[in-house]
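J.: My questions all concern the structure below.
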């Protein structure tokens, strides 16, 4: 009964939290808009190098947020990989005996890679961009992993480290080069914004795909020297 | 009340549901799901409140895009940690919350 | 018509979220979470944010769902072999 009272009290507290938040949202909606950000954005979109406003915000106007975000992703990937306990990636236990999956993979993987490349390219003037393409790349890698296809680049080694670090490194390099060329940190030199944004998006896609795939691969615990998962020590 | 404000209020409701689930449930994976619900609710509030006059605003959309990617990286890291914890102790909830019932 | 669609979608979001937390079976909870991700993608489309909708579908419903299903299957497999929770 004490437990029931606790549950009720917690639910009442959460309901009051919801009410306070709803009141805050409604009062914020009733007041006039505090800034004219949307108009300023529409005015400077032409100078940003891309036509998709979300891509322009992500990689030009607020590129510092994206730089820090890819840094956070690299840190999360390092933490996840350091906990990895997979004996090998060629584990026969992982290889699926499902012939239907293998037959589908032969069609899906090239199509999904093409889709990722299209999403990356279309991010300039249409909905799309580096994050969506990176997610599709990671999904392709996960599909390959589930089908038991060997993937050398996920084994801890040079290729994995290169893939993880490439996005953040290139982004930082462009930012510092902008600073050394006399502009502000992360400011693109005039006229080169479009090309630089595309280059950064390409490496960002590769990095994000690799990071998400590495985190997925690092999750299971298959190690012949440690007991099976779930049995305790 | 514009349609976008309906989504903002739904986001507020999701935050409330997520917080109550996070506090009341004991299985670690369910707490992770509740935490993701809080995140999704926050994203809805961000975009819904900013666009409630009907004009699409790219800045909160970009912030939410970044947020979604960071959220899944954090969720993946949390899954790695939960599975390690399960591997080492055989439990699916923290010690003071009772035994590992799902 | 669009007004009712938004109200319906918002209430579907809330109901699916409650279903995620209250499902008895962990597998069912993860499947409802994937459905929640798809409904969120629809909400993003209604909010005129197609980039966010693409990302939510690929990441929220796809990658997170696969990750969680993988974890759930290992939890269920580990459970029958465990008799008592050890003093960790």
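J.: If I ask for residues that are buried (at least 19 other Cβ atoms within 10 Å of the Cβ) and modelled with pLDDT under 80, which ones from segment C:58-85 would you list?
T.: Within segment C:58-85, just C:78 meets the criteria.
J.: Continuing with the same structure: Which condition number in (1) in contact with a helix residue (DSSP H, G or I) (Cβ under 7 Å, 6 or more places away or on another chain); (2) not assigned by TED's automatic domain parsing to the domain that holds residue A:189 is the one that residue A:58 fails?
T.: (2)
J.: Within segment A:41-51, identify whether any single residue is surrounded by 12 or more Cβ atoms within 10 Å (Cβ to Cβ), under 30 Å from residue B:81 (Cα atoms) and touching a residue at least 40 places away in the same chain (Cβ under 8 Å), and answer yes or no.
T.: no
J.: Go over the candidates C:55, C:35, C:41 one by one and state the one that is free of Cβ contacts under 8 Å to residues at least 40 places away in the same chain and crowded, with 24+ Cβ neighbours inside 10 Å.
T.: Values: C:35 fails: crowded, with 24+ Cβ neighbours inside 10 Å; C:41 fails: crowded, with 24+ Cβ neighbours inside 10 Å.
None of the others qualify; the one that does is C:55.
J.: Here is a follow-up. Take residue A:77 and decide whether it is modelled with pLDDT of 90 or more, surrounded by fewer than 20 Cβ atoms within 10 Å (Cβ to Cβ) and on the phi < 0 side of the Ramachandran plot.
T.: no
J.: To continue, here is another question. Have a look at B:35, B:86, B:43, B:22 and point out the one that is at the interface with another protein chain (Cβ under 7 Å from one of its Cβ atoms) and free of Cβ contacts under 8 Å to residues at least 60 places away in the same chain.
T.: Numbers: B:35 fails: at the interface with another protein chain (Cβ under 7 Å from one of its Cβ atoms); B:43 fails: at the interface with another protein chain (Cβ under 7 Å from one of its Cβ atoms); B:22 fails: at the interface with another protein chain (Cβ under 7 Å from one of its Cβ atoms).
So the residue among B:35, B:86, B:43, B:22 that is at the interface with another protein chain (Cβ under 7 Å from one of its Cβ atoms) and free of Cβ contacts under 8 Å to residues at least 60 places away in the same chain is B:86.
J.: If you don't mind, there's one more thing I want to ask. Does residue B:47 satisfy the criteria of being more than 30 Å from residue A:3 (Cβ to Cβ), surrounded by fewer than 23 Cβ atoms within 10 Å (Cβ to Cβ) and over 14 Å from the mean Cα position of the chain (by Cα)? Write out each step before concluding.
T.: Values: more than 30 Å from residue A:3 (Cβ to Cβ): yes; surrounded by fewer than 23 Cβ atoms within 10 Å (Cβ to Cβ): no; over 14 Å from the mean Cα position of the chain (by Cα): yes.
No; evaluated as a whole, the condition is false for this residue.
J.: Any chance segment B:54-74 includes a residue that's more than 7 Å from every other protein chain (Cβ to nearest Cβ), in contact with a helix residue (DSSP H, G or I) (Cβ under 6 Å, 6 or more places away or on another chain), over 28 Å from residue A:77 (Cα atoms) and buried (at least 20 other Cβ atoms within 10 Å of the Cβ)?
T.: no
J.: I need a count of the residues in segment A:117-140 that are in a helix (DSSP H, G or I) and surrounded by fewer than 23 Cβ atoms within 10 Å (Cβ to Cβ). Please lay out each step first, then the result.
T.: Going through segment A:117-140, the residues in a helix (DSSP H, G or I) turn out to be A:117-122, A:130-140.
Of the ones still in play, those that are also surrounded by fewer than 23 Cβ atoms within 10 Å (Cβ to Cβ) are A:117-118, A:121-122, A:140.
So the count comes out to 5.
J.: Based on this model, can you work out whether residue C:27 counts as over 25 Å from residue B:43 (Cα atoms), at the interface with chain A (Cβ under 9 Å from one of its Cβ atoms) and either at pLDDT below 95 or part of a helix (DSSP H, G or I) (or both)?
T.: In short, no.
The values are calculated or read from the model by the stated rules, or taken from the named source; none is laboratory data. What you are looking at is a predicted structure, and each value in this text was computed from that prediction instead of being measured. Because the Cβ atoms are built from the backbone with ideal geometry, glycine has one as well, and the counts that use them run over all protein chains shown.
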